[in-house]
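Novice: Got a structure for you, questions after.
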Amino acid sequence: MSDKDIKDSYQRSAERMRGDDTTFGTKLRNEHSNDPDTHQDIHNIIKVDYNVIQKSPPMEDVHKWQREHISKGDQSKEGYPMNVIIDPAMREMYQVVHDSGMTNVFDRFSQQQPIQCKFCIEGLSCQLCANGPCRISEKVPRGTCGVDAHTMVARNFVYRHVTIGTSANIFHCHQAARTLKAAGEHPESGLKIRDQEKLKKYADMAGLNINVPIEKLAVDFADWVMNDIHAPFHVPSKTVEAYAPTKRKELWKRLGLFPGGGYSEVAYAQTRCMTNFTSDPVDFLLNSVRLGVANEYQGLLLLDIIQEILMGTQQIAMKKQNMGLLKENMVNIVTNGHMPLLAHVAIEMASSDEWQQRAKEAGAEGIQILGHVCEGQQLINYEGTHNQKGYGGQEGEWLSQEYLLATGVVDMFMFDYNCTVATMPLYAKRFGTKLLSTHPVIKLQGTETLDFVPEKMKEQAAKALSMAIEYFKDRKAEKRPVYIPPHTSDCMVGFSTESVKAALGGSFDPLIEQIANGNIRGIATIVGCTTARYGQGGSNVFRIAQGLIKNNILVLSGGCTSSVMEYTGLTNPQAADECGEGLKAVCKQLGIPPVLSFGACVDIGKMTQTAKELADALNVDTNKLPLVIGAPEYLEQKAVADACTAVALGWLVHVAPVPSITGSDVVVKTLTETTETLGLGKVVVEMDAEKTIQIYVDHIEKKRKELGLS
């Protein structure tokens, strides 16, 4: 059979499956691809004008406008997206990109609205077998295989969300442990064991011999973590046994929710999702909670701990955030993602006189590395990175990355491990940025990828810095027009279990006292992403946070929500004036803001550790705390896995937009009611900010009453 015959066979088969005579693939043109090689004339096609946009006022006026704007509640379809973009830098750069006709995240969302599938929105579509795709409706209540709506929704929830999110966090932890092992075995790698006391503490809790050289202890602890991740699913997890709350472990064992090895747990859950395997929707959902336990203790918590061992524990400090930190005459490197393992080595190198001089020899004033999305939120918090000369600050949330490159001054955008959008190669080509993937798990078209080799991180960091300097030289030689939005925010960062406790004098007793006397009614963690949806785009996060602090609820933030809190001024101690009287007094006394940034979305692991220590201090189980977990603009699979972690720990979890579960009343009832009767937490879905605030307040007051607090 010739190549033409094979192609014709494909065409005929596709027509038979679809029932028409053409395929979508035949209609695609070069401009529909993200491969930069198909956009040869992009500089002439995409005309950029930085002079015709409406500029944002100074930050003090921006903060006033943000509050007035949000109070109007006009974040609807009309006026979108400018009515949901409240970051002043992003507002300016959206205009630049939109006016040029270049694809961008907010415009793509608008384009998708007429064609988004209501079956998919409710979880009622399935593509697992060749009899499909199947969609379930009132007229067609089962798929071809016989699966009903409840099983389809629950199976999609596990397969499409929880297993992917859990495996992503566990993979991250595995890579961090691999790096810690390299730090112990290969001092020439540029890696350091910066927080030796933290290593000893957690190794001791693991039952390891800590009376050995610190390098050997790093190797032993890393091996212990990786061995547990690789253990079979039927062997109880050692990490969960070592670090989880005692009362929770007893409950999980009783309910069959105590996990084994993380990778094996994911494989087991995905195997159950095969066509004609499990059909019990409740069992699928309980399996999700079991994965949530693995997600926390073999993923989030330990990856946080290991990264702090390598980079230094969080330290409370005042820092700056947003695009105004870019400098036209500096070599600007932006590092994006969630694993700042190579980035922190590169920052230390860039801080040296040698590399600063190399940048100057290329005509620059120096070289700086800035963090973006969650990677930036970690770098701005770790004392081992944020005080170095080569560190430039934090840039913004994931929605801003296309607009960030459109400034024309980003010489290198290096990225790892999720939240790098697929259109970045087009932006890199148009605006002269070098794209560099620092892990093979993420590859973009036409983009160079480094293998992830912790033992060679110093060598890889040097390669990245050299590339960035060359791209700076090209930028200057071509004299390309550029524009940097001048906006920055002053924010207090560096909060963690240890730093908060240290600020309170070494114990949580002062915080507990303020909760007991009612000055602080409770705690809400506002975590996760921002979305491009109507009513969101960061605006929903801001509205909810504002409402909570007015009700004397202390807020902890993590992820892209931290960027929102920063560019709206809520992480500045001056925001104490916006609180209810009780929280205001506490913030003024301690000199802290009402929103404490714990850093990245993965730093949820440390938030749960803070909650555990508070529960231990009160001698109660974690589900008794006056605490709410909120993801008001959740985006992707890791957020769903994290929600399952919160359910496992017994907490109320608010998510918006509504997950793809509404196609089954059984699934909705199980997640919003039944799990709580088992001693677990539950999920609440609500899009309206004012109603969400009241839900948080009511739940916290209910928990206060159960604890005997006024």
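None of the figures in this text is laboratory data; all of them are computed from the coordinates on show. The model shown is predicted, which means the values in this text are computed figures rather than measured ones. FYI the Cβ positions are ideal-geometry reconstructions off the backbone, even for glycines, and counts take in every protein chain you see.
Novice: Over the chain, what is the percentage of antiparallel beta bridges among all DSSP beta bridges, to the nearest 5?
Specialist: Here the share of antiparallel DSSP bridges comes out near 20 percent.
Novice: Turning to a different aspect of this structure: For Lys456, what is the net charge nearby, where nearby means another residue's Cβ is under 11 Å from its Cβ and Lys, Arg count +1, Asp, Glu -1?
Specialist: Neighbourhood net charge equals -2.
Novice: Next question, about the same structure. Find how much the distance from Ala267 to Met687 grows on full extension, using 0.36 nm per residue of separation minus their present alpha carbon separation; answer in nm with one decimal.
Specialist: Length difference between fully extended and current span is 147.8 nm.
Novice: Next question, about the same structure. So if I take the centroid of the Cα atoms in the range 476-513 and the same for the range 102-136, what is the distance between those two points in Å?
Specialist: 38 Å
Novice: Sticking with this one: Any idea what % of Cα-Cα pairs in the chain are farther than 37 Å?
Specialist: Roughly 38 percent, once rounded to a whole number.
Novice: Quote the FRET efficiency, to the nearest 0.05, computed for Gln111 versus Thr662 with a Förster distance R0 of 22 Å and r equal to the Cβ-Cβ distance.
Specialist: Efficiency, from the Cβ-Cβ distance: 0.35.
Novice: Can you work out the FRET efficiency for the pair Lys139 and Asn227, with r the C-beta to C-beta distance and R0 = 45 Å, to the nearest 0.05?
Specialist: Computed FRET efficiency for Lys139 and Asn227 comes out at 0.30.
Novice: Classify the range 25-120 from the C-alpha gyration tensor, please: rounded if a/c falls under 1.5, else prolate or oblate depending on whether a/b exceeds b/c.
Specialist: Oblate, because a/c is 1.5 or more while a/b does not exceed b/c.
Novice: Using the Cα centre of the chain as the reference point, and only Cβ charges (+1 on K/R, -1 on D/E), how large is the resulting charge dipole? Debye, rounded to the nearest 20.
Specialist: I would put it at about 720 debye.
Novice: What is the spin-label model distance, in nm, from Gln196 to Gln445 if the labels are put 7 Å beyond Cα along the C-beta direction?
Specialist: Placing both labels 7 Å beyond Cα along the Cβ direction yields 5.1 nm.
Novice: Once Rh is set to the Kirkwood radius over Cα pairs, what Stokes-Einstein translational diffusion coefficient, in µm²/s, holds for the range 492-706 at a temperature of 25 °C and a viscosity of 0.890 mPa s?
Specialist: Translational D for this selection: 144 µm²/s.
Novice: When a/c reaches 1.5 or more, the comparison of a/b and b/c decides; with that in mind, is the range 565-631 rounded, prolate or oblate per its Cα gyration tensor?
Specialist: It comes out oblate by the Cα gyration axes.
Novice: Grab the other residues whose beta carbon is less than 11 angstrom from that of Gly558, score K and R as +1, D and E as -1, and report the net.
Specialist: For residues surrounding Gly558, the net value is -2.
Novice: Okay, next question. Starting from the Cα-Cα distance between Glu361 and Phe24, subtract it from 0.36 nm times their residue separation and give me the gain in nm to one decimal.
Specialist: Length gained between Glu361 and Phe24: 116.2 nm.
Novice: Quick check: from the Cα gyration tensor, does the range 327-478 come out rounded (a/c under 1.5), prolate or oblate?
Specialist: Here the range 327-478 falls in the rounded category.
Novice: Additional query: Sorted from fewest to most neighbouring beta carbons within 10 Å, what does the list Lys201, Lys429, Lys479 look like?
Specialist: With the fewest neighbours first, Lys201, Lys429, Lys479 line up as Lys479, Lys201, Lys429.
Novice: Ok, one more. Dipole of the range 149-311, Cα-centred, from +1 at each Lys and Arg C-beta and -1 at each Asp and Glu C-beta, to the nearest 20 debye?
Specialist: Dipole of the range 149-311, to the nearest 20 debye: 380 debye.
Novice: To continue, here is another question. Between Val235 and Asn51, what is the FRET efficiency for a Förster distance of 51 Å, r being their Cβ-Cβ separation, to the nearest 0.05?
Specialist: In this case the efficiency is close to 0.20.
Novice: Give me Rg/Rg_expected for the range 180-245, where Rg uses Cα atoms only and Rg_expected = 2.2 N^0.38 Å with N residues.
Specialist: So the Cα radius of gyration is 1.17 times the expected 2.2 N^0.38 Å.
Novice: Which whole-number value in Å³ per residue fits the convex hull of the alpha carbons of the range 248-325?
Specialist: Spread over its residues, the Cα hull of the range 248-325 gives 182 Å³ apiece.
Novice: Cα to Cα, under 24 Å, and not fewer than 8 places away if on the same chain: which lysines meet these conditions relative to Lys476?
Specialist: Those lysines meeting the cut-off are Lys47, Lys327, Lys360, Lys389, Lys429, Lys434, Lys463.
Novice: Given bins 10 angstrom wide, list per bin the percent of all Cα-Cα distances in the range 69-210, short to long.
Specialist: That works out to 9, 19, 16, 22, 23, 11, 1, in percent per bin.
Novice: Provide the convex hull volume over Cα atoms per residue for the range 450-541, in Å³.
Specialist: Each residue corresponds to 251 Å³ of Cα convex hull volume.
Novice: Any idea what diffusion coefficient the range 261-411 gets from Stokes-Einstein, in µm²/s, Kirkwood Rh on alpha carbon pairs, 10 °C, 1.306 mPa s?
Specialist: 89 µm²/s
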